[in-house]
Amino acid sequence: MALALIVGVGIGLAAIASALVQRRVQRAAYALVATLAFALTISVAAAAVVRGGGGSVEPFARAILGQLQPGDQLAFFHADDRQHLALLFYLPHQLPMVEPVSEQAPCTPPRPGLFLISPAQWTEQPCFRDGGWTEVLRGGPLIGTERSQWLVLARYAGAPAAPGAP
């Protein structure tokens with residue numbers, strides 16, 4: 001879309017310059033109006049695509065907010081929040097990025113709470129199924145279903161009790 005805008009405006013500017021060199025002011029005015037109309041059409045279309053993509057995560061954001069209980073803290077757990085800027089727009093506050101407490105405990109966040117985790121990491125790490133974690137929901141954008149932009153919302157209640165512990 002950007003290439004079409006650049007090429008279209010370039011052709012329009014060339015037509016305007018050509019008309020002005022030939023001293024045809026009326027033709028230059030028509031070229032100017034046509035160039036502006038073309039640029040406006042492409043810009044509006046591009047904005048609609050961006051707004052549609054951002055709006056497609058609103059149902060997932062509402063589902064996340066529906067799962068929050070008083071006192072819950074929501075954060076990204078070892079996930080790149082830059083891929084989810086549209087989601088952040090619909091959540092009420094800035095979400096922190098939380099890393100595991102150590103390399104030996106890759107599934108242990110520093111505190112209990114609700115966490116947004118990439119589905120690949122959720123599936124690949126067996127420690128997410130040890131009893132301390134509960135999957136709450138999965139979701140992502142409804143438009144442009146790139147699985148890389150999907151997330152798992154999971155609750156971490158703390159480390160599970162050791163076998164044989166009272």
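Collect residues whose amide H, placed 1.01 Å from N in the peptide plane, falls under 5 Å from the amide H of LEU137; neighbours closer than 5 in sequence don't count.
The list, which skips near neighbours in sequence, is LEU153.
What does the charge count near LEU87 come to, summing +1 for each Lys or Arg and -1 for each Asp or Glu among other residues with Cβ under 10 Å from its Cβ?
Net charge around LEU87: -2.
Output wanted: per-residue J couplings in Hz (rounded whole) for the range 124-131, from phi through Karplus 6.51 cos²θ - 1.76 cosθ + 1.60, θ = phi - 60°, x for Gly and Pro.
6, 8, x, 5, 6, 10, 8, x
Once the convex hull of the alpha carbons of the range 59-125 is built, what does its volume come to per residue, in cubic angstrom?
Cα convex hull per residue, to the nearest whole number: 96 Å³.
Report D for the range 87-132 in µm² per second (integer): Stokes-Einstein, Kirkwood Rh on Cα pairs, 10 °C, 1.306 mPa s.
131 µm²/s
HN-Hα J couplings of the range 64-69 from phi, Karplus 6.51/-1.76/1.60, θ = phi - 60°, integer Hz, Gly and Pro as x?
Values, residue by residue: 4, 5, x, 8, 6, 10 Hz.
Got a sec to turn the phi values of the range 87-102 into Karplus ³J(HN,Hα) couplings, 6.51 cos²θ - 1.76 cosθ + 1.60 with θ = phi - 60°, whole Hz, x for Gly and Pro?
5, 4, 5, 8, 8, x, 8, 6, 8, x, 9, 10, 9, x, 5, 7
Skipping prolines and chain starts, which residues have an amide H placed within reach, meaning under 5 Å, of the one on ALA79, given they are 5 or more residues away or on another chain?
VAL98
Among DSSP beta bridges whose residues both lie in the range 58-156, state the antiparallel percentage, nearest 5.
On the way: 12 of 17 bridges.
Roughly 70 percent of the beta bridges in the range 58-156 run antiparallel, per DSSP.
Read the figures in this text as sums done on the coordinates, not as results from a lab. Predicted, not measured: the structure shown is a model, and the values here were computed from it. Cβ: placed from backbone, ideal geometry, glycine included. Neighbour counts: every protein chain shown.
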